Amino acid sequence: MAQAWKCAGLRWAADGPVLTWVGGRRSVLARGKRVAFGVAEGGVRTCVGARGHACPVRAGVTGRSTGARCEECARLDRAHSVAADTMADDPRPYHVYLAWFGPGLVKVGITACERGSARLLEQGAVCFSWLGRGPLMAARRTEELLRAALGVPDRIPYAHKRAVRAALPESESERAAEIAGLHARAVALGGWPEALTPEPFRGVDHAGVFGIEGAERGAAAVAEVAELVAGGAIGGELVAAAGPDLHLATERGIVVLDTRLMTGWELLAAEGEPCAVPVRELRRAAGVQEGLF
């Protein structure tokens, strides 16, 4: 029987995206290479557990879940989490950032300084700039200040990010224009926490890293994987990768695979099988956030 591997998610390293597997194996994902895998007949997706611990009951989870956790493990994972705002005693310094995902799609967020730009790559930020640096609670208060005073959200659905990816401005300066203007408005606000040190605007562009810039940008994606299923398979040439998303050139056209849908499944190597998983037409830019102001 073919060797099966359980996916532990996508990580971004200095040399690009890497698929990780339970047990420590890593698969570097290079653009232009074929990515193909399948789920065995009769396969079941199981909960990935919480905070490094396996799910005690190996609960089954739905194929459409991007979290791949049962209700109890999801609760435990949120119980001591900066992202869920349930950990206020983290002594590490934090960056506040502004991230741009496409026209009208800007968010504010925080990330531990020691992580560098990894959080922005994981979210699929096309460009970003640091806004300030300081203790966790000062960073949180600054994040809330921008939400309240300028209406900047702290979350943008991945569906909205995918919808605009094929229609991004050509130049870095155009892509950075929205966050440059917002950065100027943010530093002019009163009420910044004294413990937070403002940082000047320095736009960092990821379009080239993701493979969605200029001549490297291929055909627009036509569909996205809705879920993996037992007995299903998907494969294609990797033409771009942004955040958790892989853009695969398949016989159906460019199909976006959110790698968070892979976690919890036992996956097998696939060869030339056609795309045989549920897909849905990719949403276009209509209906996304119109703008901040």
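How much area per residue is accessible in segment 1-119 when the probe is 1.4 Å and only protein heavy atoms are counted (Å²)?
53
Taking the chain as a whole, the Cys residues whose C-beta sits 4.7 Å or farther from every other Cys C-beta are Cys7, Cys73, Cys113, Cys127, Cys275. Taking the 0 to 90 degree range and rounding to the nearest ten, how far is the long axis of helix 136-150 tilted relative to the main principal axis of the chain, both from C-alpha atoms? Computed tilt is about 80 degrees.
Once divided by 2.2 N^0.38 Å, the Cα radius of gyration of segment 214-253 becomes 1.26.
Equivalent-ellipsoid semi-axes for segment 37-135 (Cα gyration tensor, √(5λ), whole Å, largest first): 31, 20, 11.
Taking every Cα-Cα distance in segment 8-70 and sorting them into 10 Å bins from zero, the calculated P(r) comes out as 18, 42, 33, 7 percent.
If you wrap a convex hull around the C-alpha atoms of the chain and split its volume per residue, what is the figure in Å³?
On the way: hull volume 39.4 nm³, N = 293.
Hull volume normalised by residue count: 135 Å³.
Once you reduce segment 1-41 and segment 103-140 to the center of their Cα atoms, the two points are 26 Å from each other. I'd like the carbon and sulfur percentage of the solvent accessible area for the chain, probe radius 1.4 Å, heavy atoms only, ligands and nucleic acids excluded. Of all accessible area on the chain, carbon and sulfur atoms account for 54 percent. A simple rule links phi to the HN-Hα coupling: the Karplus curve 6.51 cos²θ - 1.76 cosθ + 1.60 with θ = phi - 60°, which for segment 17-33 gives x, 9, 7, 10, 10, 4, x, x, 5, 10, 10, 6, 9, 9, 4, x, 9 Hz, with x for Gly and Pro.
Where nothing but the Cβ of Lys and Arg (+1) and of Asp and Glu (-1) is charged, how large is the charge dipole of segment 1-113 around its Cα centre, in debye to the nearest 20?
Details: 16 positive and 8 negative charges, 96 e Å.
In total the dipole reaches around 460 debye.
Mind ranking 100-113, 228-241, 159-172 by how tightly packed they are, going by the mean number of other C-beta atoms within 10 angstrom, highest first? Provide the component values of the computation, followed by the final result.
Working: 100-113: 21.9, 228-241: 20.1, 159-172: 17.6.
By packing density, highest mean first, the sequence is 100-113, 228-241, 159-172.
Applying both filters, DSSP loop and at most 13 other Cβ atoms within 10 Å, to the trypsin sites (Lys or Arg not before Pro) of segment 1-63 gives Arg25, Lys33, Arg51, Arg58.
The values are calculated or read from the model by the stated rules, or taken from the named source; none is laboratory data. In this text the structure is predicted, and so the values were computed from the model without any measurement. Neighbour counts are summed over all protein chains in view; Cβ atoms, including those assigned to glycine, are modelled from backbone coordinates with ideal geometry. Heads up: the accessible areas ignore ligands, DNA and RNA and are worked out on the full protein's heavy atoms, side chains in. Shrake-Rupley method; radii C 1.70, N 1.55, O 1.52, S 1.80 Å.
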